[in-house]
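Taking it in order: structure first as structure tokens, then the write-up.
The values are calculated or read from the model by the stated rules, or taken from the named source; none is laboratory data. Everything numeric here is computed off the predicted structure, so don't read it as measured data. Note that we place each Cβ from the backbone using ideal geometry, even for glycine, and neighbour counts take in every protein chain shown.
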Amino acid sequence: MLSGAQELSRHMSGVVSGEQKAIHWPWECITKLTRSLKPGSVTVLAGAPGASKSFSILQCLHYWSQAYREWGTDYEIGGYEDPVSCHLLALEGEKHDHLRRYLAYLEGNSCYLDDDWVGRNEQQVHEAQERHLGSISTMANCITCTCGLGQTTHDDVINFLDHTAQWNRIVVVDPITASYAGERQWTGDQKLINKSKNIAADRKASIIFVTHPSKLGTTPDMSSVAGGAAYQQFTDCMLWLKSFHPPKEMSVRTACGTLPTELNRAIYVLKARHGPGAGYAVGFNFNERLSMAERGVIRKEEKK
């Protein structure tokens, strides 16, 4: 058995060698504020229906699996790093639903989600599928769909994580609220989080649970996240994606100073065990290209 000093030394050696490196989100501020995707970590991403959680996850999967690079490098001169192995367990919808959203994301055109428009533009749709065939095939291999809503149990999710985290650096479950915790939800949720923490640590992987607010949860707060207290107490990072309808003008910190910016989304950092960001919020615009464009850290006095 290693002594405490030896264990620390081994950990610090892993930091130096990059073994303990946090994988980046597609958003620089979120990455720097949370450092949440370290090996062995469990993150919760919460948000109300309509907040664009599913599109955000597709954007992340695309970034990790096909476009991953270090911040600050010039991708036009070879700054890309190796893709990050990742997988999504989708507890809602069928695979073609997710791949159709992904095609719309790749094309930057929400019309691909409109059946009537697709029916009138068969040739354009066919050409888009041919143009993105490689990316769609890669994404298809990153997604597993369950047999039906409510038929997946927490034990099923644990077994899936145990198997999939052997081969993937990041595993996402969306939404965890669609799985059955058992007769005693609080006990089931605690078992899920504890087992997931052990799996992530053993496999040196990162696990992300996408969830919803509780029935009474309307504001970004840890106590407003659906599920038992284990989600608040034992996870490493909690993020809340909030939409603004209509958009709000807020002051954000940018490379050019603090500027008033119109925002229609924000990610609130409710908990960040590995980073300095707890209590901060980052402004975004969910744009016509169906992606989340980061605008900067929102001034603290304007977060509410």
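One residue alone among N159, N198, N168 is of a type outside the set (A, V, I, L, M) and touching a Cys at 6+ places or on another chain (Cβ under 6 Å), and that residue is N168.
Residues in the stretch 254-265 that are surrounded by fewer than 16 Cβ atoms within 10 Å (Cβ to Cβ) and among the aliphatic types (A, V, I, L, M): A255, L259.
So in the stretch 220-243, with the set limited to residues that are aliphatic (A, V, I, L, M) and in contact with a Pro (Cβ under 7 Å, 6 or more places away or on another chain), which one is surrounded by the most Cβ atoms within 10 Å (Cβ to Cβ)? Going through the qualifying residues, I end up with V225.
Just to be sure I understand the filter: pairs with C-beta atoms under 7 Å, separated by 6 or more residues or on different chains, first member in the stretch 193-216 and of a type in the set (G, A, S) and at pLDDT below 95, second member part of a strand (DSSP E or B) and buried (at least 22 other Cβ atoms within 10 Å of the Cβ). Which pairs pass? As it stands, the answer is S214/V225, since those pairs meet every condition given. Hey, does the stretch 94-108 have a residue that's touching a strand residue (DSSP E or B) at 6+ places or on another chain (Cβ under 6 Å), modelled with pLDDT of 95 or more and not in a helix (DSSP H, G or I)? No, the stretch 94-108 contains no residue that is touching a strand residue (DSSP E or B) at 6+ places or on another chain (Cβ under 6 Å), modelled with pLDDT of 95 or more and not in a helix (DSSP H, G or I). Residue count for the stretch 280-294 satisfying the condition of being of a type outside the set (F, W, Y) and either more than 18 Å from the chain's Cα centre (by Cα) or not in a strand (DSSP E or B) (or both): 5. Taken over the stretch 133-172, residues that are surrounded by 14 or more Cβ atoms within 10 Å (Cβ to Cβ), of a type outside the set (S, T, Y) and outside any helix (DSSP H, G or I) amount to 9.
Looking only at the stretch 40-59, residues that are hydroxyl-bearing (S, T, Y) and assigned to a helix (DSSP H, G or I) come to 2 in all.
List the pairs whose first member sits in the stretch 24-45 and is over 14 Å from Y68 (Cα atoms), whose second member is among the acidic types (D, E), and whose Cβ atoms are under 6 Å apart, counting only residues at least 6 apart or on separate chains? Close Cβ pairs (under 6 Å, with a partner that is among the acidic types (D, E)) amount to C29/E294; S41/D236; V42/D236. Of all the numbered requirements in (1) hydrophobic (A, V, I, L, M, F, W, C); (2) touching an Asp or Glu at 6+ places or on another chain (Cβ under 7 Å); (3) at pLDDT 95 or above, W71 misses one, and that requirement is (3).
When the residues of the stretch 173-197 are filtered to those that are of a type in the set (V, I, T) and part of a helix (DSSP H, G or I), which remaining residue is nearest to the chain's Cα centre (by Cα)? The qualifying residue nearest to the chain's Cα centre (by Cα) is I176.
Here's the yes/no breakdown for (1) within 16 Å of the chain's Cα centre (by Cα); (2) surrounded by fewer than 17 Cβ atoms within 10 Å (Cβ to Cβ); (3) of a type in the set (S, T, Y); (4) in a strand (DSSP E or B):
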| site | (1), (2), (3), (4) |
| --- | --- |
| K215 | no, yes, no, no |
| T218 | no, yes, yes, no |
| H245 | no, yes, no, yes |
| V252 | no, no, no, yes |
| I267 | yes, no, no, yes |
| A278 | no, yes, no, no |
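Would a scan of the stretch 125-140 turn up a residue that is in contact with a strand residue (DSSP E or B) (Cβ under 9 Å, 6 or more places away or on another chain), within 16 Å of A67 (Cβ to Cβ) and of a type in the set (S, T, N, Q)? No: zero hits.
Pairs are defined by a Cβ separation below 7 Å, a sequence spacing of at least 6 or placement on different chains, a first member in the stretch 159-181 that is farther than 15 Å from R203 by Cβ and touching a residue at least 60 places away in the same chain (Cβ under 8 Å), and a second member that is in a helix (DSSP H, G or I) and small (G, A, S); the pairs so defined are D174/S54.
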